[in-house]
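> I have a structure I would like to understand better, so I am pasting it below and will then ask my questions one at a time.
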Amino acid sequence: MSGYPEYMQGLLKLVEETRPDRVGKALRAMNAEEKEQILRDWHPDYKMDQKRKLKIGSSAGELMPHEVADTLEAHPVIKPGDIDLSNVVYDVDVLVIGAGGAGLSASLTAIEHGVAPDNVLMIQKLRLGDANSKMSQGGIQAADAPDDNPTIHYLDVIGGGHYANKPDLVEAMVKEGPDVIKWHEELGVTYDKLEDGTMQLAPGGGTSRKRMHSCKDYTGLEITRVLVDEFINKEISYVEFTSAVELVMDDKGQVAGAVLWDMDHDDYTVARAKSTILATGGFGRLHIQGFETTNHYGATNDGVVMAYHVGANLRDLDSTQFHPTGAAYPAQIVGQLCTEKLRARGAQPLNNDGVLFVYPLETRDVEASALIRECYGREKGIVTPTGMRGVWLDTPLIDVINGEGTIEREFAAMFRTFNKFGIDIREEPMLVYPTLHYQNGGVEINVQCETNVPGLYAAGEVCGGIHGKNRLMGNSQLDLYVFGRRAGRFSAERAKTATLGDLTLDHLDVYEKMLADAGVVTDRKAPTLLPEYRGKRTLEHQLKML
Amino acid sequence: MRLAYYPGCTMKTDAKNFDESTYSAAEALGIELLEPTRWNCCGTVHALAKDNVMNYLAPIRNLIRVEQMNEAELVDDKRVVTQCAMCYNTLKRANADAKADPDKMGKIRDFMEKEPNYQGSVNVVHMLELIKGLGWDEVKSKVVKPLDGLKVFPYYGCLLLRPREYGIDDPDHPTVMEDLFEALGAEVVDNPYKAKCCGAYHAVHLKEVAADLSYRILRQAQEAGADIIVTACPLCQFNLGDRQNEIKKHQREFEGIPVVYYTQLMALAFGKEGTGFEQNIPDPVPVLEEKGLL
Amino acid sequence: MGENESEMVTIHVMGKKHEVPADLTIMKAMEYAGHQFRRGAGCRGGYCGACAAMYRVKGSYKLEGALACQKIVEDGMYIAQIPFSPAEKITYDLSELKPDANTFLEYYPEISRCLSCNTCTKACPQDIEVMDYVQASLRGDVEGAARLSFDCIGCGLCAVRCPAEIVPYNVGQLARRLNSRYVIGPTEHVLKRVGEVEAGEFDADIDELKRSDRKTLQKRYESREVKL
Ligand SMILES: Cc1cc2nc3c(=O)[nH]c(=O)nc-3n(C[C@H](O)[C@H](O)[C@H](O)COP(=O)(O)OP(=O)(O)OC[C@H]3O[C@@H](n4cnc5c(N)ncnc54)[C@H](O)[C@@H]3O)c2cc1C
Ligand code: SF4
Ligand code: SF4
C-alpha cells in the first residue's frame, strides 16, 4: 500500500527503477565557485527584497530578515509604570531564562561552582526541556575518534561558517567537545555504540571526518531528558509556564534580573539576580519568508529582543539556516525535520525523474539551495496535493546499503512519524523541501559567555558568532553544552562578588525614544512570546509558503 | 527436548543461583529450556481472588506467550516448566481456574484485546515433575560425581504441595526429592518437618514468627544429622538460609547449616559448571569441600 | 485540491463542538477553532510529549491516547487535553546507585503492584511496550527496561491510565540512566581525547589556525583531507 496519492505512482516507479543503479553512487561535491554561484542564485538569505536594514540601536544599519527586524522595531510588551519593581518575588544569584539544553546545563554547572540550588532560578516558557534541544535527531559533533582531532574540527567549523566565525568561540567549542560527551555519559546519556564499545560515528554535511554522535534519532530527546532528570535531582528551583518578558537593570547599568509573566494567571512578577543567563533559543516560529519551521512552539526570538532592549550587541542575524530536508508531504507535518543523518546513512535527494541531482552531504546552505533550484529553477520538483513542491529523499536505500532493519533501529522517530501518516519509509521515499531551521546569528558573546552588558550572559542558539554564516549539523548541540556550562560557571563566579543597585526599567523608555527618533510607527509588540495561529491563520499559514 | 521455561522475577534477582543451576541441570539431562522472549511477573503478589479478573491477566498472559512459542514451533510440546514454587502455584491455579470457567475466560479475552485468545492448551509443570518423568535411572545415568556421604535434608515447604489438587506430590508424604537425591548418590535424612510451613507468609509483617518457624526446621535438620538442607523455593531458601544471621542473634548456640537449591546439587553431581554456590548464605562450599565434592 | 475544498468534520474539544477541516491534526484543529496554546504544546513534532490528549470517537467505547500534534482529527471525536500528569519524580544521586531490581523497588516500590494488564501499552502514543519495560525493571533487567523504554517522550498517558498507579516513564528514565552509566559505561577513546586536550596537545595547531588570515584558512579548508 502506497502512502502517496494515485497521481504520484508513476513518479514513484521511476525512483524504484533507478534505485539499483544508484547504490553506492554519488555526485561529486561542488567546488568553491559553484557553491558561491548556487547560494547567490537560490539561497533565501540572498534574496535582498526579503531583508531590510535595522533602523535602531547598536546594530542599526545591519541587514536582517523583515520578520526579525519587525521584532526589534517594535514596542516592548510592558511599560515601566506597569511593574512594581519594589515587589521582588524571587531574589537569586543566578537567573536562567529558558530550559533547553543551554539553560539546563548552565544551571547544573552554576551549582557545581558554588551557587546553592535554591539560589539558581530557572524560568521556562513551556515545560522543562520542551525546546529545540529536545528535537535534535541527527546528533552532536565532538572530535574524539582516533582519526579525528579538535584541529580538524576547527577547520570544518570555520570553513563551513564561511570564515565569519569568532575564532575564540570555535576554539572553545571544538576543544571541549570530547569533555561534553564524557559528561553526558557520566550523567547516563546513552549514545549509540559499536559492538567493540567505541562510538558509532556518522558523517554530516561539511564534516571531513565521521564525528556525529547519536542516540538513535532521538539524540536531543535523550540528552535533554537526562539533563531534566538531573536538574530535578539537584533540586534547583524553577518555574514553568512563565516567560521572561523584559530584562531588569539597576542604576549602575548592570542587568539585574527580569520581569516574568505567569502564563497561567497573566500576572507579572520581578526576579532579581546578580547574573542573568539568556538561554531562550532561536526564532523559527517567526516563519522567515513564510517558510515552515522545524522549531518548537516557544522559538520566537524573545532573547534577542530582550537583550537588544538593554543594549546588547547582536551579530550575523542576516543569515538564517534553512534545513534542506523538511517534510513536504503529508500536509500535517509539513516543515518538520527529516534529519540530515538520513543522507549520511545513504538516502539520496532525487528529482521527478528519479535522478540524483546533488551531492547529498553538501553544507546545509548549499544543499538547500540545490533543492530549491531543482523545484523552482529546473522545474523538476514533485507537486503535492496542496500545491507545494518537493523532491524525493530516497530512504529505502538506507536499508539496501546498511542492511535490513537499519531504518527501524536508527530512525525510529522518523519511521514512526511517517508511519502514522501511512508512509513506510523503508519501502517508499520521503517528499522533502527546505524548512526554516536555525538562527545562525544572535547576541554576541565572548568565551566566558558574557555579553557587552554587565550581568548578562547568553548561551545556545540565542547567541551569534560561533557558527559564522552557516552552522554544520551537530555543532549546535555541541555549542549548547560547551557554552551552557561556561555560562553557568562564569555567571556563578560573578555572582560571588557582584552587588546590585536600585532596579529600573528606564531602558524601555530609552528604547521607545529610539523608536520614535527613528520614525518607526507601528503597533507591533515584542518579545513575541507565543506564535499566533488562531482561526483561519492555521490554514493561511499552510498556504503562505506555496 | 526443547521446552518453554517460565523463570519468574525472583529467579532473575534474589534466586539467580537457582536459575543458573536450573539451566545447568537441565542441560545435563538433555533438556533445552527456552524463555519466552516476552514475559511478565506471574502475578503472585495478588493472591488469586477468584472474583477478580484483573488478577488473572498476568498469569494468563504468560500462558499466551507459551502458546505463541508453540505456534512458532520454538518448543516441542505444550508444557511450560516452572521452578519458583510461587510461580508454579500461581500459573497452575490460574490455568485451571480459567479453563474451568468459560465466563471468566471470556472476560479475560475481552480485556486483553491486543493479545491472541488464550486457548487453554498449556500444561504447567514443575521442574521436579519433569525430572521425575524422565525416570530415576535416567537421572542416575548422568551422574559423574555421586554425592557420596552427603547427608541431605529435603525441605518442600507448602506451595509445591498445597492445595492438594495442584501439588506436585502427596502433601503429607512427599517423596520426589528423596528419590532424586538417592539417584544422585546422597544419603537422605527423612524428617517430619519437610512439608511444614517455613513462615514465608509472615516474612514481612511478623518477622519473629517467621524466624521462630525457620529455627525449628533448622534445628530439626541438625538434630537429624544433616549436612545440608535442600529447598525448591526461593522463599524457603531465604527463610532458612539468608535468615540464619538474624536467628543467630537470638539463638546463641546455633551454628548454622548450609541451605541450597536442589538443582545446585544436581549440577554438582552432573559435573556441571554454573552451580551458583557463591550466592548462597551461609556458604555451602566448606561442607561440600569437606565431603570431597568440590 | 487545496485546503479551501477540504472536507469538514465535527469534533468536541473539552465538550465544546467545532467544525474543522478533516485533514488537520488535533493541535491545528484546536487552533483553527480559535485556541491559543499556553499549556499542551511543545515541539509540535512528536518529540516532547507536551501535547498528550485523550479521545473517544462517537460509537466506540475505546478511550485512546494520542499526541495532539501527530493525530489527525476524526469525525465525532471527543477530545480532552492532558497537559500535565501529576507525579513525583524521585530524586537520587546516580553515582550511588546499583543497576539492579532493588534500586527500582526502593525508589518506585509501586512497580510491584503491576497487574500486567497492559493498559499502559495501549495508551502509549509511541507504541512502546510499556508493560514490558515496567516488568523488565521489576526483575532487574536494566538493559531490557532501557532498550524498551528508549523512545519514551514522557507524555504521561501511561501513568494516567495505570490501575496500579505506577508512573512508568519515571521508571524508564531511571533504567536508561542506570544502563548507560553502569551497564554500558564510559567510552575509552573519549576519555583518552579529553586527557589529550587537557594536556594541551592541540593548542599549538589551533593557535596557528586562529592566527591565519582568511586566504590561508580557505586554502587549508579546501585542501583538507576528507576521510568519511
Ligand atoms: C527539529 C530540530 C532538529 C535539530 N537537530 C539538530 C542536530 O541534529 N544537531 C545539532 O547540532 N543541532 C540540531 N538542532 C539545533 C539545536 O537543537 C538547537 O539549536 C538547540 O537545541 C538550541 O538550544 P537552546 O538551549 O539554545 O534553545 P532551546 O533548546 O530552544 O531552548 C530554549 C528554551 O527557552 C524557552 N524560552 C524561549 N523564550 C522564553 C522566554 N521569553 N522566557 C522563558 N523561556 C523562554 C523556550 O521555550 C525553550 O524551551 C535541531 C533543531 C531542531 C529544531
Ligand atoms: S511510555 Fe508512557 S510517557 Fe512514555 S511515551 Fe509512552 S505513554 Fe507516554
Ligand atoms: S497499566 Fe500499570 S498495572 Fe497495567 S501493565 Fe501497565 S504498569 Fe502494569
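> Out of all the residues in segment C:126-136, which are at the interface with another protein chain (Cβ under 10 Å from one of its Cβ atoms) and assigned to a helix (DSSP H, G or I)?
Of everything in segment C:126-136, those that are at the interface with another protein chain (Cβ under 10 Å from one of its Cβ atoms) and assigned to a helix (DSSP H, G or I) turn out to be C:Met131, C:Asp132, C:Val134, C:Gln135, C:Ala136.
> Give the number of residues within segment B:132-147 that are surrounded by 13 or more Cβ atoms within 10 Å (Cβ to Cβ) and of a type outside the set (A, V, I, L, M).
At the first step, the residues of segment B:132-147 found to be surrounded by 13 or more Cβ atoms within 10 Å (Cβ to Cβ) are B:132, B:134, B:136, B:138-140, B:142-143, B:145-147.
Now narrow it down to the ones that are of a type outside the set (A, V, I, L, M): B:132, B:136, B:138, B:140, B:142, B:145-146.
Counting residues in segment B:132-147 that are surrounded by 13 or more Cβ atoms within 10 Å (Cβ to Cβ) and of a type outside the set (A, V, I, L, M) gives 7.
The rows are residues; the columns are (1) away from ligand 3 (no atom under 16 Å from the Cβ); (2) surrounded by fewer than 16 Cβ atoms within 10 Å (Cβ to Cβ); (3) away from chain C (no Cβ under 14 Å); (4) at positive phi.
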| position | (1), (2), (3), (4) |
| --- | --- |
| A:Leu478 | yes, no, no, no |
| A:Ala495 | yes, no, yes, no |
| A:Leu505 | yes, no, yes, no |
| A:Gly519 | yes, yes, yes, yes |
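> When you scan segment C:73-125, how many residues do you find that are part of a helix (DSSP H, G or I) and either within 16 Å of ligand 1 (Cβ to nearest atom) or within 14 Å of chain B (Cβ to nearest Cβ) (or both)? Quick ask: steps written out before the conclusion?
We begin by selecting, within segment C:73-125, every residue part of a helix (DSSP H, G or I); these are C:94-96, C:101-107, C:109-113, C:119-123.
Within this subset, residues satisfying the condition of being either within 16 Å of ligand 1 (Cβ to nearest atom) or within 14 Å of chain B (Cβ to nearest Cβ) (or both) are C:101-106, C:109-113, C:119-123.
Final tally of qualifying residues: 16.
> Is segment A:154-173 home to any residue that is among the basic types (Lys, Arg) and within 16 Å of ligand 2 (Cβ to nearest atom)? Show your work before the answer.
Just the residues of segment A:154-173 that are among the basic types (Lys, Arg), to begin with: A:166.
From what's left, within 16 Å of ligand 2 (Cβ to nearest atom): none.
There is no residue in segment A:154-173 that is among the basic types (Lys, Arg) and within 16 Å of ligand 2 (Cβ to nearest atom).
> Consider A:Lys134 against the criteria (1) open to solvent by 10 Å² or more (accessible area, probe 1.4 Å); (2) within 26 Å of A:Glu450 (Cα to Cα); (3) more than 9 Å from chain C (Cβ to nearest Cβ); (4) touching a Ser or Thr at 6+ places or on another chain (Cβ under 8 Å): it satisfies all of them except one. Which criterion is unmet?
(3)
> Looking at C:Cys162 and the list (1) in contact with a Cys (Cβ under 6 Å, 6 or more places away or on another chain); (2) open to solvent by 60 Å² or more (accessible area, probe 1.4 Å), which single condition is not satisfied?
With respect to (1) in contact with a Cys (Cβ under 6 Å, 6 or more places away or on another chain); (2) open to solvent by 60 Å² or more (accessible area, probe 1.4 Å), C:Cys162 is out only on (2).
> Next question, about the same structure. Pairs please, first residue from segment C:181-194 and more than 8 Å from every other protein chain (Cβ to nearest Cβ), second anywhere and open to solvent by 70 Å² or more (accessible area, probe 1.4 Å), Cβ atoms under 8 Å, 6+ apart in sequence or on different chains.
If the second residue must be open to solvent by 70 Å² or more (accessible area, probe 1.4 Å), the pairs left are C:Tyr182/C:Lys98; C:Val183/C:Glu143.
> Under 7 Å between Cβ atoms, which residue pairs at least 6 apart in sequence (or on different chains) link something in segment B:1-30 that is open to solvent by 20 Å² or more (accessible area, probe 1.4 Å) with a partner that is modelled with pLDDT of 95 or more and assigned to a strand (DSSP E or B)?
Qualifying pairs under 7 Å: B:Met1/B:Glu32; B:Arg2/B:Glu32; B:Arg2/B:Leu34; B:Tyr23/B:Leu33.
> Within segment C:100-116, can you find the residues that are surrounded by 19 or more Cβ atoms within 10 Å (Cβ to Cβ), within 14 Å of ligand 3 (Cβ to nearest atom) and over 15 Å from B:Arg38 (Cβ atoms)?
Once the filter is applied, which keeps residues that are surrounded by 19 or more Cβ atoms within 10 Å (Cβ to Cβ), within 14 Å of ligand 3 (Cβ to nearest atom) and over 15 Å from B:Arg38 (Cβ atoms), segment C:100-116 yields C:Phe104, C:Tyr108, C:Ile111, C:Leu115.
> Mind listing just one residue for me: the one in segment C:195-228 that is acidic (Asp, Glu) and not in a loop (DSSP other than H, G, I, E, B) and, of those, nearest to the other protein chains (Cβ to nearest Cβ)?
The initial filter retains those residues of segment C:195-228 that are acidic (Asp, Glu), namely C:196, C:198, C:201, C:203, C:205, C:207-208, C:213, C:222, C:225.
Next, from what is left, pick out any that are not in a loop (DSSP other than H, G, I, E, B): C:196, C:198, C:203, C:205, C:207-208, C:222.
Numbers: C:Glu196: 8, C:Glu198: 8, C:Asp203: 8, C:Asp205: 4, C:Asp207: 8, C:Glu208: 9, C:Glu222: 6 Å.
Result: C:Asp205.
> Out of the residues in segment A:207-228 that are more than 7 Å from chain C (Cβ to nearest Cβ) and over 17 Å from C:Arg177 (Cβ atoms), which is surrounded by the fewest Cβ atoms within 10 Å (Cβ to Cβ)?
A:Ser214
> Another question about this same structure. Grab the helices (runs of 4 or more DSSP H) fully contained in segment B:230-294, keeping just those with 2 or more residues being within 23 Å of B:Glu129 (Cα to Cα).
Counting at least 2 such residues, we get B:234-237, B:262-269.
> When you look at C:Ile153, is it crowded, with 23+ Cβ neighbours inside 10 Å, in contact (Cβ under 8 Å) with a residue 40 or more places away in the chain, within 16 Å of ligand 1 (Cβ to nearest atom) and outside the structural domain of C:Lys71 (by TED's automatic domain parsing), yes or no?
Working: crowded, with 23+ Cβ neighbours inside 10 Å: yes; in contact (Cβ under 8 Å) with a residue 40 or more places away in the chain: yes; within 16 Å of ligand 1 (Cβ to nearest atom): yes; outside the structural domain of C:Lys71 (by TED's automatic domain parsing): yes.
Criteria met by C:Ile153.
> Would you mind stating whether C:Ser85 is in contact with a strand residue (DSSP E or B) (Cβ under 8 Å, 6 or more places away or on another chain), touching a residue at least 12 places away in the same chain (Cβ under 8 Å), open to solvent by less than 50 Å² (accessible area, probe 1.4 Å) and within 10 Å of ligand 2 (Cβ to nearest atom)?
Values: in contact with a strand residue (DSSP E or B) (Cβ under 8 Å, 6 or more places away or on another chain): yes; touching a residue at least 12 places away in the same chain (Cβ under 8 Å): yes; open to solvent by less than 50 Å² (accessible area, probe 1.4 Å): yes; within 10 Å of ligand 2 (Cβ to nearest atom): yes.
Criteria met by C:Ser85.
> Among the residues in segment C:59-72, are any within 15 Å of ligand 3 (Cβ to nearest atom), within 14 Å of chain A (Cβ to nearest Cβ) and buried (at least 21 other Cβ atoms within 10 Å of the Cβ)?
The answer is yes; a qualifying residue exists.
> Okay, moving on. Please work out if A:Pro360 is on the phi < 0 side of the Ramachandran plot and more than 13 Å from every other protein chain (Cβ to nearest Cβ).
Details: on the phi < 0 side of the Ramachandran plot: yes; more than 13 Å from every other protein chain (Cβ to nearest Cβ): no.
Spelling it out, it is not the case that A:Pro360 is on the phi < 0 side of the Ramachandran plot and more than 13 Å from every other protein chain (Cβ to nearest Cβ).
> Here is a further query. When you go through A:Lys193, A:Lys166, A:Lys182 one by one, which is the residue that is surrounded by fewer than 23 Cβ atoms within 10 Å (Cβ to Cβ), under 19 Å from the mean Cα position of the chain (by Cα), away from ligand 3 (no atom under 16 Å from the Cβ) and more than 27 Å from A:Gly326 (Cα to Cα)? Give the derivation first.
On the way: A:Lys193 fails: under 19 Å from the mean Cα position of the chain (by Cα); A:Lys182 fails: under 19 Å from the mean Cα position of the chain (by Cα).
One residue alone meets the criteria, A:Lys166.
> Could you grab the pairs with beta carbons closer than 6 Å, sequence gap of 6+ or different chains, first residue in segment B:105-126 and away from chain C (no Cβ under 14 Å), second one of a type in the set (A, V, I, L, M)?
Taking only residues 6 or more apart or on different chains, the pairs are B:Met105/B:Ala98; B:Val122/B:Leu63; B:Val122/B:Val66; B:Val122/B:Val80; B:Val124/B:Val80; B:Val124/B:Leu91; B:Val125/B:Val81; B:His126/B:Ile168.
The values are calculated or read from the model by the stated rules, or taken from the named source; none is laboratory data. None of the values given here were measured: they were computed from a predicted structure. When we count neighbours, we look across all protein chains shown, and the Cβ atoms used for this are built from the backbone with ideal geometry, even at glycine. For accessibility, only protein heavy atoms count, side chains too; no ligands or nucleic acids. Shrake-Rupley method; radii C 1.70, N 1.55, O 1.52, S 1.80 Å.
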